[in-house]
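To keep things clear, I will list the structure first and then write my remarks on it.
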Amino acid sequence: MHDYADHDATALAALVREGTTTAEELLAAARARAAEVNPRINAIVRDLEPPAPSAPEPEGGRAFAGVPFLLKDLHQHLAGVPTSGGSRALADLPATETATVVQRWIDAGLQVFGKTNTPEFGAKGVTEPHLFGPARNPWDTDHTPGGSSGGAAAAVAAGIVPCAAASDGGGSIRIPASACGLFGLKAGRGLLPYGPVYGEPFGGTSTDGVVSRSVRDSAAMLDVLAGPTDVSPFLPAPGPSDGYAAEVGRDPGRLRVVMSWRSSINPDPHPEARAAVERAAELLAGLGHEVVELDTPPVDDAALGRSFLTTWFAHAAVTVAQARAATGCGEDVFEPDTQVMAALGRATSAARFIEAVEDRHRHVRRLAELHAEHDLLLTPTTATPPPRVGAFDQPAVVQGVQKALLRARGGGLLRFTPLVDQMINENLGWVPYTQLANLTGRPAMSVPLHWTPEGLPMGVQLVGRLGSEATLLRLAGQLEDAAPWFDRRPPL
């Protein structure tokens, strides 16, 4: 078991190719570790028997042959297996088709043996669904591993797998990577395919990916996933000719980085968030990069947050309606917060929705102005250390008011109560930095460079220009060499 945890996915695949170990031995080690720690962190919520690849063996073998792997229980469909999305409504509804990215992972030789915990429909930055109960952070099980890929991050941090499937619609790769001391890259819009069921979930703001313990694993996984299909909505720009994995270890050159810890959603972030970004700035400067600080937030993230949640509420309404149509369930099957978001979505006019979507372009232009003078934007990944499990539970009196308005079909009235502002502050107050990359379609990564005095991880985020995944990976590899994190293990 110790040997298993000492290797990333790239190294484990090499051991299988060399005959030093077998796929069966690796799967046994992963399942043994899961049996040991999963009861304490609740990361894996469904066990699976690994499906066989459908594609012929490629020349040179499968990139990750024999490596144990976990899917996120949201959108990452495996035919014949339910994808609950963290919702009781979908807990027993088998998927009819396998998602494109899932098939690519399987065809790369990964042994998918389970699905990981996620909040209902991925709608929160913490992973505490009523269906499965909360996932817990291996660094301190009283705290959240973040969300919505919280189960994936907890499983990787705890040593069950070296990397795990994740997805990111508003920070859901980067937030849990930050909370669990992992590396997390969100690719730019369109680089990775969706389908065949979905075109562009959440209006193109969401993408799949992984959370990992090494930069080279995330880069190699990008090589596995990148590239369109026949049903892709558009053709992405080509990546590096020799693949993303080859970028790790190459010199990124001298980069110009603009730094900001400021946020109009959370004007007073935790001191450790500021310490994390300042330490990263010192490290970057020591590596020869130019770092300057902004005196104001890089964008109006309060306005961006309102546009983000307006579209999110509308998608919640559609998601709930689709789940009800597929299962015949009632509204009360969904969690109270989901019911509120869906009601707000139904109360949103088509004109307001289009306005929120079009508003993204204003943030694209502002970010482009920053990138005209600087290669990367550096921020904290989160404004606070990982909160305690249950920190965002609604008080009983608030839940009572919500239920009364919902019973009275008063979803529109919710917009005129303090509940909406409270939801915005609670949903985005500790994660105000990550939505920018989603709404603008830019690549971004969270790098694990800081731990609090209490031993909780806090990552820093770097946002690049459109198509700058290679630059981000080069820099991430440089940071990994300068401030290694792979051997830092949680006390679990």
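The values are calculated or read from the model by the stated rules, or taken from the named source; none is laboratory data. What you see is a predicted model; the values in this text were computed from it and never measured. Every residue, glycine among them, receives a Cβ derived from its backbone with ideal geometry; neighbour counts consider all protein chains shown.
Structural remarks
- So A52, is it more than 25 Å from G190 (Cβ to Cβ) and in a helix (DSSP H, G or I): no
- Consider the stretch 18-51 and keep the residues that are surrounded by 13 or more Cβ atoms within 10 Å (Cβ to Cβ) and among the charged types (D, E, K, R). The one that is farthest from G146 (Cα to Cα) is E25.
- A273 satisfies every condition listed in (1) in contact with a helix residue (DSSP H, G or I) (Cβ under 8 Å, 6 or more places away or on another chain); (2) within 17 Å of L377 (Cβ to Cβ); (3) touching a residue at least 60 places away in the same chain (Cβ under 8 Å) except (1).
- Single match in T98, T118 (criterion: within 24 Å of E335 (Cβ to Cβ) and not in a strand (DSSP E or B)): T118
- Cross-chain or 6+ apart pairs with Cβ under 6 Å, the stretch 51-70 first and over 18 Å from D223 (Cβ atoms), then of a type in the set (S, T, Y) and assigned to a strand (DSSP E or B): L70/T116
- Search result, residues across the stretch 307-322 that are surrounded by fewer than 23 Cβ atoms within 10 Å (Cβ to Cβ), closer than 19 Å to L93 by Cα and of a type in the set (A, V, I, L, M): V318, A321
- Consider the stretch 271-313 and keep the residues that are charged (D, E, K, R) and in contact with a Pro (Cβ under 9 Å, 6 or more places away or on another chain). The one that is nearest to G253 (Cα to Cα) is R274.
- Some residue of the stretch 136-152 being in contact with a His (Cβ under 7 Å, 6 or more places away or on another chain), in a strand (DSSP E or B) and not small (G, A, S): yes
- Candidates A470, A476, A437 - the one that is at pLDDT 95 or above, under 20 Å from the mean Cα position of the chain (by Cα), farther than 30 Å from D295 by Cβ and not in a loop (DSSP other than H, G, I, E, B): A470
- Long-range neighbours under 6 Å by Cβ, at least six apart or interchain, first residue farther than 26 Å from A275 by Cβ and touching a residue at least 40 places away in the same chain (Cβ under 8 Å) within the stretch 364-386, second assigned to a helix (DSSP H, G or I) and hydroxyl-bearing (S, T, Y): V364/T440
- Here A89 passes the criteria (1) of a type in the set (G, A, S); (2) assigned to a helix (DSSP H, G or I); (3) farther than 27 Å from G199 by Cα except the one numbered (3).
- Checking the stated criteria, R489 turns out not to satisfy the condition of being in a loop (DSSP other than H, G, I, E, B), surrounded by 21 or more Cβ atoms within 10 Å (Cβ to Cβ) and either modelled with pLDDT of 95 or more or more than 19 Å from the chain's Cα centre (by Cα) (or both).
- Within the stretch 111-150, considering residues that are aliphatic (A, V, I, L, M) and in contact with a Gly (Cβ under 9 Å, 6 or more places away or on another chain), the one nearest to I44 (Cα to Cα): A135
- Every pair of residues 6+ apart whose Cβ atoms lie under 7 Å, when the first sits in the stretch 130-148 and is farther than 16 Å from I175 by Cα and touching a residue at least 60 places away in the same chain (Cβ under 8 Å) while the second is assigned to a strand (DSSP E or B) and not hydroxyl-bearing (S, T, Y): F132/V45; D142/R388
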